[in-house]
Structure formats: structure tokens, C-alpha cells
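Only the coordinates and a few stated rules stand behind these numbers; no lab work does. Bear in mind the structure is a predicted one, so any value in this text is a computation, not a measurement. Here the Cβ is made from the backbone with ideal geometry for all residues, glycine too, and neighbour counts use every protein chain on show.
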Amino acid sequence: MEAKNYTTIYRIMHWAIAICMLFILVTIFLRLNWMNKNNVADIIQNYLSTTDQSLSQDQAIVLAKQIRKPMWDWHIYIGYVLVGLFGLRLLLPVFGEMKFSSPFNKALSAKEKFQQWVYLVFSIGVTISLITGIFIEFGPKSLKVQMEGIHKLSVYYLVAFIVIHFGGVLLAELSSQQGIISRIVSGNRKK
């Protein structure tokens, strides 16, 4: 298999999308764990128990949501950036950049077909995540609960894709495609 060199546009898009996805994943992780509204409310309640002040659990949860809101706002802002980047990513093949390969192409090896299927499923997942995110923010309130349910499933395909992607890059680097990491960083094959 011939070593692929990546254009500057390809590398910028790859890393911009990757950084946005990782940032969004961090905000999800924080919201589900340390910044969980119940955890933050417990911290507030524990602190208040050492003072002469008190809040009900419901009030502490409301305060906890306000504390974590700026972090979650960044999830939404980066989501907007990702909508723009992904929209641009879908348009670039029209200009001869970052062309998509069909997993149905008979000339591809089994490994290449698998890669293309992974990218296709990932692209569909990202599209669904972005559309549901837009619906959550701007769509009718009657669909918000359903859209949130679908949107929350995004974490599963995203984590699966990251694991498969890193695993594939590691395998490629250790086998016949040495230098793939340096090429996606600098554009040149490491000598």
C-alpha cells in the first residue's frame, strides 16, 4: 500500500475536528462524573453544613446546575464550531480536497473497506449528533426530550470510534504504514 501524504487543508480539518470532538467528550465526561449536578449539590450541602446556612436539596441542585452551566455552554459553543467544520468537511470533496472513498469500491482491500465503513458510520453518527444538538437548541420544545435521548447516545459511537481510530493508527504505525503519525502532523513522511 502506498504511503499517503496529507495536504495542509486535510491536516487542519483533521486536527480541528479531532480537538473539537475531544473537547466535547471531556465536557460530557465532566457532566456525567465530577460535575454531575448531584455531586456538586452534595459538595454545596457539605460546605453549608459547616456554616449557619442551609439549602434544600432541590435548591442545591439548582445552584449546582448554575455552577456547571459555563462548562456546558462551552459544549454547545464547540458544537456550533463542529457544525461549521463538519459542513466544510462535507463540502471539501467538491473542491478536490479530502475525497470520500466508497466502502463498496471493489478495488479496495478488506482492510481499506473496513476503514471506509468505520469512517462512513462515524460520519453518519456525527451528522445525527449535530442535527439532534441543533434540534435541542433551536427545535420545537415538543421534540426536545426525544432529541436529547438520541443525542446522548453520541458518546458511545464517539468513544468506539476513538478506540478504533487510535488502534488502527497504532497498527498502521507498527506495520507497513510507518510514519503515518508524522505525516498527519507535519504532512511529510518521517525519514
Unmet requirement for Ile76, which otherwise passes all of (1) in contact with a Leu (Cβ under 7 Å, 6 or more places away or on another chain); (2) in a helix (DSSP H, G or I); (3) among the hydrophobic types (A, V, I, L, M, F, W, C):
(1)
Residues within region 1-50 that are among the aliphatic types (A, V, I, L, M), exposed (fewer than 13 other Cβ atoms within 10 Å of the Cβ) and not in a helix (DSSP H, G or I), tallied
2
Which residue, of Ser142, Ser102, is of a type in the set (Ser, Thr, Tyr), in a helix (DSSP H, G or I) and without any contact (Cβ under 8 Å) to a residue 40 or more places away in the chain?
Ser142
Could you please let me know if Ala107 is outside any helix (DSSP H, G or I) and either of a type outside the set (Lys, Arg) or out of contact with any strand residue (DSSP E or B) (no Cβ under 6 Å at 6 or more places or on another chain) (or both)?
yes
Restricting attention to region 51-72, does a residue exist that is within 18 Å of the chain's Cα centre (by Cα) and either surrounded by 13 or more Cβ atoms within 10 Å (Cβ to Cβ) or basic (Lys, Arg) (or both)?
yes
Is there a residue in region 119-129 that is in contact with a Gly (Cβ under 8 Å, 6 or more places away or on another chain) and buried (at least 16 other Cβ atoms within 10 Å of the Cβ)?
no
